[in-house]
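What follows is a short report on a single structure.
The values are calculated or read from the model by the stated rules, or taken from the named source; none is laboratory data. The model shown is predicted, which means the values in this text are computed figures rather than measured ones. Virtual Cβ from ideal backbone geometry, glycine too; neighbours counted across all protein chains shown.
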Amino acid sequence: MTLETILRAVLGQLQVPPVPGAEPASAKPPVDVAAVLDAKSGGKLNWRDSVVDLLKALKHDSSFSARQKLAKQMNYTGSLADSAAINDFLHAKIMNELAAAGGNVPDDLK
């Protein structure tokens, strides 16, 4: 699991930056991240507050070791033994990355 696989699971195919001199592609409307995650979670997971539930909704490994690995990939600098800190970091970072990649993320989740 990588940040890219998470972004693709929510946003679909990531847009590739245009090639200089090429005809511009029609812009895709922003993906409603909350709607996608609500649908994927079936209304049964608390993805808005829990990175574990967010990963479960995307059918990704949500184990502590998988979250530690993802945190390392995303340049987490805190203690890898602190599950709560890792979870907070990952949730915020994923939401911010979804917004940066063109997703429409609710303001309270950024």
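Consider LEU54 carefully, then state whether it is surrounded by 19 or more Cβ atoms within 10 Å (Cβ to Cβ), within 18 Å of ALA9 (Cα to Cα) and touching a Phe, Trp or Tyr at 6+ places or on another chain (Cβ under 7 Å). So LEU54 fits the description; yes. Among the residues of segment 73-100, those identified as over 12 Å from MET1 (Cα atoms), in a helix (DSSP H, G or I) and not aliphatic (A, V, I, L, M) are SER83, ASN87, ASP88, PHE89, HIS91, LYS93, ASN96, GLU97. Among the residues examined, LEU45 does not qualify as in contact (Cβ under 8 Å) with a residue 24 or more places away in the chain, crowded, with 16+ Cβ neighbours inside 10 Å and out of contact with any Phe, Trp or Tyr (no Cβ under 7 Å at 6 or more places or on another chain).
One residue alone among LYS28, LYS72, LYS56 is farther than 23 Å from ASP108 by Cα, among the basic types (Lys, Arg) and at pLDDT 95 or above, and that residue is LYS72.
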